[in-house]
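Down below is the structure, laid out as structure tokens.
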Amino acid sequence: TQLLEQSPQFLSIQEGENLTVYCNSSSVFSSLQWYRQEPGEGPVLLVTVVTGGEVKKLKRLTFQFGDARKDSSLHITAAQPGDTGLYLCAGARYGGATNKLIFGTGTLLAVQP
Amino acid sequence: EPEVTQTPSHQVTQMGQEVILRCVPISNHLYFYWYRQILGQKVEFLVSFYNNEISEKSEIFDDQFSVERPDGSNFTLKIRSTKLEDSAMYFCASSSVYEQYFGPGTRLTVT
């Protein structure tokens, strides 16, 4: 069974602080996606990374895919209360029959004003 | 911006009843998926569908589950005889290649 472990599970920070969320596995993924999910809603796609070592920026969010395509990180600069939510990483297994996603355990972020 | 839509948003049914969850994927996408999320747990893969057939299914997706693309736009998940443990949020997703876009979900409550 493949696992994607996210850390930390919970993070409560003050507005303006920086933070990093990690997503780790022992398996190789062909692609990895980051989502944000609000309570009672579907995951909303933030970014997809495909190439080992790839770095993508989305405003104050920076996403990195590990060189070996086993891990990823999400860095948020100068967090704002609007960043509060559940962040999920999800990977498509390398060599899999389909691009089914294996979801991580999630990181619940709370940004205090 | 194109989006995945799902109906109903909430379905309450009695144990043993059949339910059909409906999804309209993004129009030019070719790959369709169903996932579920039991309250407080991870999102879990159920089934993927491509070229009018199932391409992969999980252990959860047993004989009680089926999927169909009855026309060019809808994608449905049927549960033949619901059990209490089927209570969950069910998400439909679609993709062209890697990027999977999720619908808002159907909350299924089995009583």
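Observations on the model:
- Residues satisfying the stated conditions in region B:86-111, i.e. part of a loop (DSSP other than H, G, I, E, B) and either of a type in the set (Asp, Glu) or at pLDDT 95 or above (or both): B:87, B:99, B:103, B:104, B:105, B:111
- Only listed residue being over 10 Å from the mean Cα position of the chain (by Cα), at pLDDT 95 or above and not hydroxyl-bearing (Ser, Thr, Tyr), chosen from B:83, B:78: B:83
- Whichever residue in region A:50-88 is in contact (Cβ under 8 Å) with a residue 40 or more places away in the chain and within 11 Å of chain B (Cβ to nearest Cβ) and, among such residues, is surrounded by the fewest Cβ atoms within 10 Å (Cβ to Cβ): A:86
- Checked against (1) at the interface with another protein chain (Cβ under 10 Å from one of its Cβ atoms); (2) touching a Ser or Thr at 6+ places or on another chain (Cβ under 7 Å); (3) among the basic types (Lys, Arg), residue B:78 meets all criteria but (1).
- Region B:11-59 - residue that is aliphatic (A, V, I, L, M) and within 12 Å of chain A (Cβ to nearest Cβ) and, of those, farthest from residue A:37 (Cα to Cα): B:54
- The set of residues from region B:43-85 being out of contact with any Gly (no Cβ under 7 Å at 6 or more places or on another chain), surrounded by 12 or more Cβ atoms within 10 Å (Cβ to Cβ) and in a loop (DSSP other than H, G, I, E, B) comprises B:58, B:60, B:61, B:64, B:69, B:74, B:80.
- Counted residues, region A:89-113 - those being within 14 Å of chain B (Cβ to nearest Cβ) and over 15 Å from the mean Cα position of the chain (by Cα): 8
- Where strands (runs of 3 or more DSSP E) fall wholly inside region A:1-110, the ranges with 1 or more residues that are small (Gly, Ala, Ser) are A:5-7, A:10-14, A:29-37, A:71-76, A:85-93.
The values are calculated or read from the model by the stated rules, or taken from the named source; none is laboratory data. Keep in mind it's a predicted model, so treat the numbers as computed, not measured. All Cβ positions, glycine included, derive from the backbone under ideal geometry; neighbour counts span all protein chains shown.
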